[in-house]
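Right, one structure below, let's go through it.
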Amino acid sequence: MRLRRLPDNIVNQIAAGEVVERPASAVKELVENSIDAGATRIDVVMRAGGRSLISVADNGKGMSRDELELCFERHATSKLPDEDLVHIQHLGFRGEAIPSIASVSRMTITSRNSDDENAWALSVEGGKKGEVEPVGAQQGTRVEVRDIFFATPARLKFLKSERAEFGAALDVMRRLAMAYPAIAFTLSDEKRVALRVSASQGDLFEAWLDRLGAIMGREFADNALKIEAERDGVHLSGFAGVPTFNRGNASMQFMFVNGRPVKDKLFVGAVRGAYMDLLARNRHPLLALFLELPADQVDVNVHPAKAEVRFRDSGGVRGLIVGALRNALAENGHRASSTVGHQALSSFHAQQATQLPLQSRPAHQVGVGNWADVGRNSVAPGMAEENTEYHAPLQNSPSGYYSETGMTPQAPVVENTSSQQKQTEEYLHYPLGAARSQLHETYIVAQTQDGMILVDQHAAHERLVMERMKKAFGDKSVARQIMLLPDVVELDELSAGRLCDRSDELAEMGLVLEPFGNGAIVVRETPAMLGECNVKGLVQDLADDLAELDTTLSLKDRMDDVFATMACHGSVRAGRRLTVEEMNALLREMEVTPHSGQCNHGRPTYVELKLADIEKLFGRR
Ligand SMILES: Nc1ncnc2c1ncn2[C@@H]1O[C@H](COP(=O)(O)OP(=O)(O)O)[C@@H](O)[C@H]1O
Ligand SMILES: [Mg+2]
């Protein structure tokens, strides 16, 4: 065989091998073209998972008759203003998609631009162009791709089920729809409309949150923190979920660079880093982040489907993302996921069916007589709904917030000017409310303006201790307490060795230990903040942490892990009775402490039930 130049159609088919792997890749290219054309609505229909038909219709700027002919030519594009690949302003720029898809299918494009009286249609089959014909149609473009890969049967064999191919296209469209909230999108097949989002209004962030909620779920919108940061012309925006709203995999993490959905390791690593000490290793936050940067700072031309990108300053980009996420998380540290409350509610609902046997209740609680007797404004029990303003009094006997008799309701206190009363009134307006009671020596019940808060005091305390230790460490002021009787802890040689190698670093963190021979160590001082701590458990767990830690890293780099482990062994507090003052102090500290909405293991430290939800429980709504 002689050396020869390949015919155009073969060249296009080879390109198609890279650009259009499956129907979803054709959908991606065509929808991107519609976005580039300035469309505000894009409707996609697929039949047989895209095998028999992919139709993409838009109301964008359309093409003239000449452009329609030209767009089937290889490397014909309207999107590269200069003669270089630097200033890429559009999603497309290669001029490859249309000729490639046309080379492996039967394609018809109907298009009309704003200057023309009528639309033009042109069909191409297996790369062979037909004649341009005038047809009637609105402004915009409709691309119909029939029998994709009929010309390349080998490719056809590799396609998955119709459902899987449709699913892949849905995934592509959802990602694009997230990045373009001002565009309405639909995707449907023979049976159903799988995606339908209307153009979102409002300022950019509102529109975005609206669109993200429509695609990632309303719950995401309710639990997302706004992200906005800028450094050296690189702009990061988007929304990130609070840590307690998490998933078992990373499939709900979406990243975009200059409006392009990407899957890039840099993002995955940055997100991991930002949520590191807030989530267990196997849990993943939900987020959608949009990075905008000058075209010369990023190379989008490293991947045929443009799914990966290369940054000129990847360290800077990573730093920007980690910093922005951490700031947002710290500022909203006390926010726990709203779904936690909903989950709690649904378990309340589940209880409804089981009635307490009547005779098991203390006699005085049965019937209504007693309630009337205690002098509550004579509201007949059946009329209670009317009296929606009624709350239990804010303050009871001076001796405590919880009267001896337990449930005795009192008439609302009209004139009580005690300072505690005032304090409580004020606390009601705080995010975590005013402490009202403690249950099982473990849970704090607080009242807010429009609901109630239930705090797991152990989890909350652990988190607070950890954050305090981090802060003290940052200020180089970790206080230590000397053990009256130094504790000898038996470990194995390796573990003891690892701890002793790090003894200087550990001392800075409040833990003073020395080798004691034969795999044992002696602990002389512990961090004062831990109070009376379980030294043996602490040392053992720290040794385990160190075993996992890269020896070239300093403990400071893993400070979060170390302090989390320490806090875990501090003297806590489940099972300790707290005074109202102590409870309120805990709530107030939670409000101002970063990350206090979740414990060191990513579980919530509190749940919130809105009054409206409580009313639903009782059928009042
Ligand atoms: N939906 C559309 N509306 C208007 N013009 C389009 C549309 N689709 C394609 N075109 C035109 O066809 C050209 C070629 O498209 P394509 O092969 O996808 O290459 P690229 O998008 O890289 O330029 C585009 O540059 C554009 O001018
Ligand atoms: Mg294109």
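The values are calculated or read from the model by the stated rules, or taken from the named source; none is laboratory data. In this text, all values refer to a predicted model and were calculated from it rather than measured experimentally. Cβ placement follows ideal geometry from the backbone for every residue including glycine, while neighbour counts extend to all protein chains displayed. Surface accessibility is based on the protein's heavy atoms, side chains included, excluding ligands, DNA and RNA. Shrake-Rupley method; radii C 1.70, N 1.55, O 1.52, S 1.80 Å.
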Taking the stretch 526-571 and keeping residues assigned to a helix (DSSP H, G or I), open to solvent by 50 Å² or more (accessible area, probe 1.4 Å), out of contact with any Ser or Thr (no Cβ under 9 Å at 6 or more places or on another chain) and among the polar types (S, T, N, Q) leaves none
Filter the stretch 444-483 for residues that are assigned to a helix (DSSP H, G or I) and among the charged types (D, E, K, R); the one that is farthest from Asn600 (Cα to Cα) is Lys471
Filtering the stretch 114-126 down to residues that are open to solvent by 40 Å² or more (accessible area, probe 1.4 Å) and closer than 16 Å to Pro99 by Cβ yields Ser123, Glu125
Checked pairs for the stretch 497-526, first in contact (Cβ under 8 Å) with a residue 24 or more places away in the chain, second of a type in the set (Phe, Trp, Tyr), C-beta under 7 Å and 6 or more apart or across chains, list as Met509/Phe473; Val522/Phe516
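Suppose the filter is surrounded by 15 or more Cβ atoms within 10 Å (Cβ to Cβ), on the phi > 0 side of the Ramachandran plot and either within 15 Å of ligand 2 (Cβ to nearest atom) or at pLDDT below 95 (or both); does Gly60 pass it? Don't jump to the end; show me each part of the working.
On the way: surrounded by 15 or more Cβ atoms within 10 Å (Cβ to Cβ): yes; on the phi > 0 side of the Ramachandran plot: no; either within 15 Å of ligand 2 (Cβ to nearest atom) or at pLDDT below 95 (or both): yes.
Considered against the rule, which asks whether it is surrounded by 15 or more Cβ atoms within 10 Å (Cβ to Cβ), on the phi > 0 side of the Ramachandran plot and either within 15 Å of ligand 2 (Cβ to nearest atom) or at pLDDT below 95 (or both), Gly60 comes out as no.
Out of Ser100, Ser78, which single residue is surrounded by fewer than 18 Cβ atoms within 10 Å (Cβ to Cβ) and near ligand 1 (Cβ under 10 Å from one of its atoms)? Please lay out each step first, then the result.
On the way: Ser100 fails: surrounded by fewer than 18 Cβ atoms within 10 Å (Cβ to Cβ).
On inspection, the qualifying residue turns out to be Ser78.
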Of Arg620, Arg577, the only residue that is more than 22 Å from the chain's Cα centre (by Cα), under 24 Å from Gln423 (Cβ atoms) and touching a residue at least 12 places away in the same chain (Cβ under 8 Å) is Arg577
In the stretch 54-78, anything assigned to a strand (DSSP E or B), under 23 Å from Phe149 (Cβ atoms) and not β-branched (Val, Ile, Thr) is listed as Ser55, Ala57
Going through (1) within 7 Å of ligand 1 (Cβ to nearest atom); (2) among the hydrophobic types (A, V, I, L, M, F, W, C); (3) open to solvent by less than 20 Å² (accessible area, probe 1.4 Å) one by one, Ile109 fails only at (1)
When (1) surrounded by fewer than 20 Cβ atoms within 10 Å (Cβ to Cβ); (2) closer than 21 Å to Gly38 by Cα are applied to Trp208, the one that fails is (1)
Looking across the stretch 30-53 at residues that are in contact with a Lys or Arg (Cβ under 6 Å, 6 or more places away or on another chain) and not in a strand (DSSP E or B), the single one that is surrounded by the fewest Cβ atoms within 10 Å (Cβ to Cβ) is Gly38
